[in-house]
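K.L.:
Sending over a structure as structure tokens; questions will come in a sec.
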Amino acid sequence: MEDRRVFARINTRLPVKFLDPSSGREGKADTIDISANGLGLVTNESLSVMTPLEMWLGIPDQHEPLYTRGEVVWSESLSSAGDHRVGVRLEKAELMGLARILWLKGRSA
């Protein structure tokens, strides 16, 4: 299968708080990978495809969490422990947020 991504993925683990604005349900997750137009998450919440999400990414750079919105495009169960791997497509490319993450990764290298 051909990879049609425009932006490369960055493997990084960041805490995420999310809200499904249509149901009011809140939850927590961790990123697995990030690109300017999508997030890979692991959560103990079951999220259905097409679920809209408002998300706050905890970037440890002394600034406010990065706020973004997106939609679940795929979801799969990882284990009997209840973890789920979720792919989220962002509403708009988050280039400034990606720059914050790259800056941090460059400092720690």
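K.L.:
Taking the Cβ of VAL16 as the center, what net charge do the other residues with Cβ under 9 Å away carry, scoring Lys and Arg +1 and Asp and Glu -1?
P.N.:
Charge balance in the 9 Å sphere: +1.
K.L.:
Using a 1.4 Å probe, what is the accessible area per residue for the chain, in Å²?
P.N.:
With all protein chains present, the chain gives 63 Å² per residue.
K.L.:
Shifting gears a bit: Between rounded, prolate and oblate, where does the range 1-73 land on the alpha carbon gyration tensor, with a ≥ b ≥ c its root eigenvalues, rounded for a/c under 1.5, else prolate if a/b exceeds b/c?
P.N.:
Details: a/c = 1.78, a/b = 1.10, b/c = 1.61.
Since a/c reaches 1.5 but b/c is at least a/b, the shape of the range 1-73 is classed as oblate.
K.L.:
Just to confirm the filter: which trypsin sites (Lys or Arg not before Pro) across the range 1-87 are DSSP coil and have at most 16 other Cβ within 10 angstrom of their Cβ?
P.N.:
Counting only loop positions with at most 16 other Cβ atoms within 10 Å, the trypsin sites (Lys or Arg not before Pro) in the range 1-87 are ARG4, ARG5, ARG9, ARG13.
K.L.:
On to the next question. Taking LYS28 as the anchor, which aspartates and glutamates have their alpha carbon closer than 13 Å to its alpha carbon, excluding any fewer than eight residues away along the same chain?
P.N.:
Here the aspartates and glutamates satisfying the reach criterion relative to LYS28 are ASP20, GLU45, GLU54, ASP83.
K.L.:
Determine the share of the chain's accessible area contributed by carbon and sulfur atoms, expressed in whole percent, with a 1.4 angstrom probe.
P.N.:
About 51 percent, which is the carbon plus sulfur part of the accessible surface.
K.L.:
Run lengths n ≥ 4 of DSSP H only: what is the helix-derived mean residue ellipticity at 222 nm for the chain, with -39500 (n - 2.57) per run over all residues, to the nearest 500?
P.N.:
Dividing the helical sum by the residues of the chain leaves -4000 deg cm²/dmol.
The values are calculated or read from the model by the stated rules, or taken from the named source; none is laboratory data. Keep in mind it's a predicted model, so treat the numbers as computed, not measured. Every residue, glycine among them, receives a Cβ derived from its backbone with ideal geometry; neighbour counts consider all protein chains shown. The protein model used for the area step is the full one, side chains on, heavy atoms only, and it has no ligands, DNA or RNA in it. Shrake-Rupley method; radii C 1.70, N 1.55, O 1.52, S 1.80 Å.
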